[in-house]
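The values are calculated or read from the model by the stated rules, or taken from the named source; none is laboratory data. Here the structure is a predicted model, which means the values were calculated and not measured. Cβ coordinates were reconstructed from backbone atoms using ideal geometry, including for glycine residues, and neighbour counts include every protein chain displayed.
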Amino acid sequence: MGRDLAETSADAMNLWKLGERASGLPLREIFWEGDEQAMSDTRALQPALTVVNLALWQAVCSRAAVCGAAGHSLGELSALAAAGVLSPESVLSLASLRGRLMAEADPQGQGGMAALLKMEQDAVEDVVRETVAETGLLLIVANYNTPAQLVISGARVAVQLACQKARERKGRGVELKVSGAFHSPMMDAANRELAPHLNRAVWSKPRFPVYCNLHGKAVTDGESARESLLAQMTSPVRWTETVRNQYADGARHWLELGPKAVLGKMVAPCLADAAAEDLTVELVSNAQNVADFAPRNG
């Protein structure tokens, strides 16, 4: 979780210290010493992940030829920092606040999420519609990760029923260990509390396009990035559209910055019609990857 890089880079270590000041939590102790319970708390996880993302970016940015950036959910903050839209200090402050608000958004545990797998998008959307009609409860598709990997979010009872319906259709429904119905209207109160902090931040023109979760399209000005992020917490993450729009705009090589491979695995499934030899994906997750990194175009 970024320790090896921080122990060899003063810039990376300074980011951990900034993250600790922003969150008020001993992030290095939690993630480097292995406090499993504390690591799973989104109040600590969100700033810590952001620190790692930013540290890796700072370590390779001078060698990277970038045509655009994107981040999934929380990662959109890191993408905005990489593009110079928001400062690292502002991003770490927002990530810490976002983590706290999301942790506190559903104290009664009424919301939940689940991955519906081995089902096409139309079938998942049918399951959601049927479940809402039967229960009258909130349920939406929250993450369009790939055409066959979608995540639903809403009232826990509705999530459980949708998982049952998915299994009846020969799919899989896997409930996620989360503290609420993220990327759904059930996050509205948290989003309203976050909004003034987003509005007070300084939003600069991106150095390169940032593809936003809200619509999957590139934005090239700070105001559009701010407006997108204002709606992100209560809206679906349209990752499939993001990758397809990047490809349409000329991207052929994807560089994933983070502690482990997650998003890179989604590129090829999102681009089923593209030639496999046309695409490359590279992960930079530690100090050795940073040392080995060589720039590529696109």
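Those residues that are more than 24 Å from Pro47 (Cβ to Cβ), surrounded by fewer than 16 Cβ atoms within 10 Å (Cβ to Cβ) and within 16 Å of the chain's Cα centre (by Cα), I need them from region 259-289; list them, please.
Lys265
Just checking, which of Leu279, Leu257, Leu271 is at pLDDT 95 or above and hydrophobic (A, V, I, L, M, F, W, C)? Before you say what the answer is, go through the steps one by one.
On the way: Leu279 fails: at pLDDT 95 or above; Leu271 fails: at pLDDT 95 or above.
Answer to the selection: Leu257.
From the set of residues in region 62-75 that are closer than 21 Å to His253 by Cβ and touching a helix residue (DSSP H, G or I) at 6+ places or on another chain (Cβ under 7 Å), which is surrounded by the fewest Cβ atoms within 10 Å (Cβ to Cβ)? First the steps, then the outcome.
At the first step, the residues of region 62-75 found to be closer than 21 Å to His253 by Cβ are 62-72, 75.
Next, only the ones that are touching a helix residue (DSSP H, G or I) at 6+ places or on another chain (Cβ under 7 Å) stay: 68-72, 75.
Numbers: Gly68: 20, Ala69: 26, Ala70: 24, Gly71: 24, His72: 18, Gly75: 22.
Once the filter is applied, the top-ranked residue is His72.
Looking only at region 204-224, count every residue that is over 20 Å from Ala64 (Cβ atoms), out of contact with any Lys or Arg (no Cβ under 7 Å at 6 or more places or on another chain) and not in a loop (DSSP other than H, G, I, E, B) and tell me the total.
Total meeting the criteria: 2.
Are any residues in region 24-56 of a type in the set (Ser, Thr, Tyr) and more than 23 Å from Val290 (Cβ to Cβ), and if so, which ones?
Ser40, Thr42
Can you find a residue in region 116-126 that is outside the structural domain of Arg226 (by TED's automatic domain parsing) and either under 21 Å from Leu229 (Cβ atoms) or basic (Lys, Arg) (or both)? Outline the logic, then answer.
Of all residues in region 116-126, those outside the structural domain of Arg226 (by TED's automatic domain parsing) come to 116-126.
Pick out the ones that are also either under 21 Å from Leu229 (Cβ atoms) or basic (Lys, Arg) (or both) and you get 118.
Yes - at least one qualifying residue is present in region 116-126.
Hey, among the residues in region 101-133 that are in contact (Cβ under 8 Å) with a residue 60 or more places away in the chain and charged (D, E, K, R), which one's surrounded by the most Cβ atoms within 10 Å (Cβ to Cβ)?
It comes out as Asp106.
Could you check, for region 142-164, whether at least one of its residues is within 27 Å of Leu263 (Cα to Cα) and of a type in the set (Lys, Arg)?
yes
Could you tell me which residue of region 57-102 is nearest to the chain's Cα centre (by Cα), considering only residues that are at pLDDT 95 or above and of a type in the set (S, T, N, Q)?
Residue satisfying both the conditions and the ranking: Ser73.
Consider region 235-254. How many of its residues are assigned to a loop (DSSP other than H, G, I, E, B), under 28 Å from Met1 (Cα atoms) and out of contact with any Gly (no Cβ under 8 Å at 6 or more places or on another chain)?
Here the count works out to 1.
Which one is surrounded by the fewest Cβ atoms within 10 Å (Cβ to Cβ), of the residues in region 19-56 that are of a type in the set (Ser, Thr, Tyr) and at pLDDT below 95?
Restricting attention to region 19-56, the residues satisfying the condition of being of a type in the set (Ser, Thr, Tyr) are 23, 40, 42, 50.
Adding the requirement that they be at pLDDT below 95 leaves 40, 42.
Details: Ser40: 12, Thr42: 21.
Taking the candidates together, the pick is Ser40.
Filter region 208-223 for residues that are free of Cβ contacts under 8 Å to residues at least 24 places away in the same chain and out of contact with any strand residue (DSSP E or B) (no Cβ under 9 Å at 6 or more places or on another chain); which is farthest from Asn245 (Cα to Cα)? Outline the logic, then answer.
Kept after step one, since they are free of Cβ contacts under 8 Å to residues at least 24 places away in the same chain, are these residues of region 208-223: 219-221, 223.
If we keep only those that are out of contact with any strand residue (DSSP E or B) (no Cβ under 9 Å at 6 or more places or on another chain) too, we end up with 221, 223.
Details: Asp221: 17, Glu223: 20 Å.
Looking at the filtered set, the residue picked out is Glu223.
For region 255-277, give me each residue that is in a strand (DSSP E or B) and closer than 17 Å to Gln149 by Cβ. Lay out the reasoning, then the answer.
Just the residues of region 255-277 that are in a strand (DSSP E or B), to begin with: 255-257.
Answer for region 255-277, where residues must be in a strand (DSSP E or B) and closer than 17 Å to Gln149 by Cβ: just Glu256.
Does Leu27 satisfy the criteria of being more than 24 Å from Thr240 (Cβ to Cβ) and in contact with a strand residue (DSSP E or B) (Cβ under 9 Å, 6 or more places away or on another chain)? First the steps, then the outcome.
On the way: more than 24 Å from Thr240 (Cβ to Cβ): yes; in contact with a strand residue (DSSP E or B) (Cβ under 9 Å, 6 or more places away or on another chain): no.
Criteria not met by Leu27.
Do the conditions hold for Thr146, that is, is it farther than 24 Å from Glu241 by Cα, outside the structural domain of Thr234 (by TED's automatic domain parsing), among the β-branched types (Val, Ile, Thr) and touching a helix residue (DSSP H, G or I) at 6+ places or on another chain (Cβ under 6 Å)? Quick ask: steps written out before the conclusion?
Working: farther than 24 Å from Glu241 by Cα: no; outside the structural domain of Thr234 (by TED's automatic domain parsing): yes; among the β-branched types (Val, Ile, Thr): yes; touching a helix residue (DSSP H, G or I) at 6+ places or on another chain (Cβ under 6 Å): yes.
So Thr146 fails the test.
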